[in-house]
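Accompanying notes for the structure given below.
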Amino acid sequence: MSPLAQRQAQLMDWINHSTPFLCQQLHMVYGDASFRRYFRFTFDERTIIAVDAPPTFEDSEKFALVAESFAANGLRVPDILAADHTLGFYCLNDFGDEQLAHQLNDHSCHQLYPKALALLPKVQQCTATSQATLPAYDHKLFTREFEIFTQWLLDVHLGYRLTPEQHAMLNDTFNVLADNFFEQPKVGVHRDFHSRNLMMLQNDEIGVIDFQDAVIGPITYDAVSLLRDCYRCWPDEWVSNWLAAFQQQFYPQYPLAKFTRWFDLTGMQRHIKASGIFARLHHRDGKSDYLDDIPRTLGYLVDIGKQYSELEAFARFVEQEILPSVLALADSAKGKVVSLAGSKR
């Protein structure tokens, strides 16, 4: 039996012997970019979500504490029905399968995005749990995330060797983005607030999930996670309008130009990190579907970087060196798949 199958069997045994529920069969719902896996089972004519969050990699106790804090601030989050944090198992009420992402189109987005953005002041009030203050999104974490890009995307995925001049340019980029990141007001940050982590519930409510990595960080972080989603692009004019309305409604004390710069450069930091994470998911974790999201994520870096003189060199580097290499590697991989499929005939 594989390790994953063993964990699933242990999860089912835990449900049947250590919770109020009985489970005859677990149905895989999805696995995400973390090490967590989600299953659904039926008990007493209701469906329940069972979560396998291996304690070596995941902190299920923090998930529970953040859930408590979010709920106390008026956010809809899953109820924790049973949990064993030592084992890394817990059961949640079922929010269903209808993500915000599924309902977005060129018409609905103009209602759904403002509605989702209106949740952020509640998220931002959550700077502590009942046990402790949330960890800070500090320079150490910021640096580590930037290095994910250079290590996993440039080095491991592309085998790209930087020149001394390129090293200097990346260091300059890092400093510009860090200055922007840490000058912003600090608030509670979900840290993965995007359309796949927002669930459409009954009565048109929006439920929030996957908040276990919450920190205290920059005020625009979650807004840019949502509006410049790694999985979906929208016209720049629409994004600007949504952002301006959000700023005017909730943060009029900050000039729109400053708020927009905070937003744009925080988005660049996030997309630098995300492109590296997508490469890492492929090479380290065997989750290759995320490779398809790298070109879109790099495209943001090109488009936004060109709008700021201090980031133009980085934008050109991505546009002329990294993005073509990513696309060429993807084409090469597709060619190999076609060739292998043809050889079976």
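The values are calculated or read from the model by the stated rules, or taken from the named source; none is laboratory data. Just so it is clear, the model here is predicted, and its values are computed rather than measured. Cβ atoms come from the backbone with ideal geometry, glycine included; neighbour counts cover every protein chain shown. With ligands, DNA and RNA removed, areas are computed over all heavy atoms of the protein, side chains included. Shrake-Rupley method; radii C 1.70, N 1.55, O 1.52, S 1.80 Å.
Take segment 293-330 and flag every residue that is open to solvent by 60 Å² or more (accessible area, probe 1.4 Å), in a helix (DSSP H, G or I) and of a type in the set (S, T, N, Q).
The answer is Ser309, Gln320.
Anything in segment 230-241 that is within 20 Å of the chain's Cα centre (by Cα) and in contact (Cβ under 8 Å) with a residue 60 or more places away in the chain? List them, or say none.
Once the filter is applied, which keeps residues that are within 20 Å of the chain's Cα centre (by Cα) and in contact (Cβ under 8 Å) with a residue 60 or more places away in the chain, segment 230-241 yields Cys230, Tyr231, Arg232, Cys233, Trp234.
Among the residues of segment 109-126, how many are in a loop (DSSP other than H, G, I, E, B) and buried (at least 16 other Cβ atoms within 10 Å of the Cβ)?
Counting residues in segment 109-126 that are in a loop (DSSP other than H, G, I, E, B) and buried (at least 16 other Cβ atoms within 10 Å of the Cβ) gives 2.
When the residues of segment 269-292 are narrowed to those that are more than 18 Å from Asn175 (Cα to Cα) and of a type in the set (A, V, I, L, M), which ends up surrounded by the most Cβ atoms within 10 Å (Cβ to Cβ)?
By that ranking, first place goes to Ala274.
Can you find, within segment 74-107, the residue that is most open to solvent (accessible area, probe 1.4 Å) among those that are part of a loop (DSSP other than H, G, I, E, B) and β-branched (Val, Ile, Thr)?
Checking each candidate, the answer is Thr86.
What residue, among those in segment 42-66 that are open to solvent by less than 80 Å² (accessible area, probe 1.4 Å), of a type outside the set (Lys, Arg) and out of contact with any strand residue (DSSP E or B) (no Cβ under 6 Å at 6 or more places or on another chain), is farthest from Gly188 (Cα to Cα)?
Only one residue fits best here, namely Phe43.
I'm told Ser325 meets every condition in (1) touching a helix residue (DSSP H, G or I) at 6+ places or on another chain (Cβ under 6 Å); (2) touching a residue at least 12 places away in the same chain (Cβ under 8 Å) except one. Can you identify the failing condition by its number?
Of everything listed in (1) touching a helix residue (DSSP H, G or I) at 6+ places or on another chain (Cβ under 6 Å); (2) touching a residue at least 12 places away in the same chain (Cβ under 8 Å), Ser325 misses just condition (1).
With respect to Ala245, determine if the residue is more than 20 Å from Leu177 (Cα to Cα), over 15 Å from the mean Cα position of the chain (by Cα), among the small types (Gly, Ala, Ser) and part of a helix (DSSP H, G or I).
Yes, satisfied.
Tally the residues that are over 11 Å from Pro218 (Cβ atoms), in contact with a Lys or Arg (Cβ under 8 Å, 6 or more places away or on another chain) and open to solvent by less than 30 Å² (accessible area, probe 1.4 Å), restricting the search to segment 155-200.
Residues that pass the stated criteria total 1.
Tell me which residues, restricted to segment 254-307, are of a type in the set (A, V, I, L, M, F, W, C) and in contact with an Asp or Glu (Cβ under 7 Å, 6 or more places away or on another chain).
Phe278, Val302, Ile304, listed by residue number.
If the requirement is being surrounded by 14 or more Cβ atoms within 10 Å (Cβ to Cβ) and more than 19 Å from Phe174 (Cβ to Cβ), which of these qualifies: Trp262, Trp242?
Sole residue among the options that is surrounded by 14 or more Cβ atoms within 10 Å (Cβ to Cβ) and more than 19 Å from Phe174 (Cβ to Cβ): Trp242.
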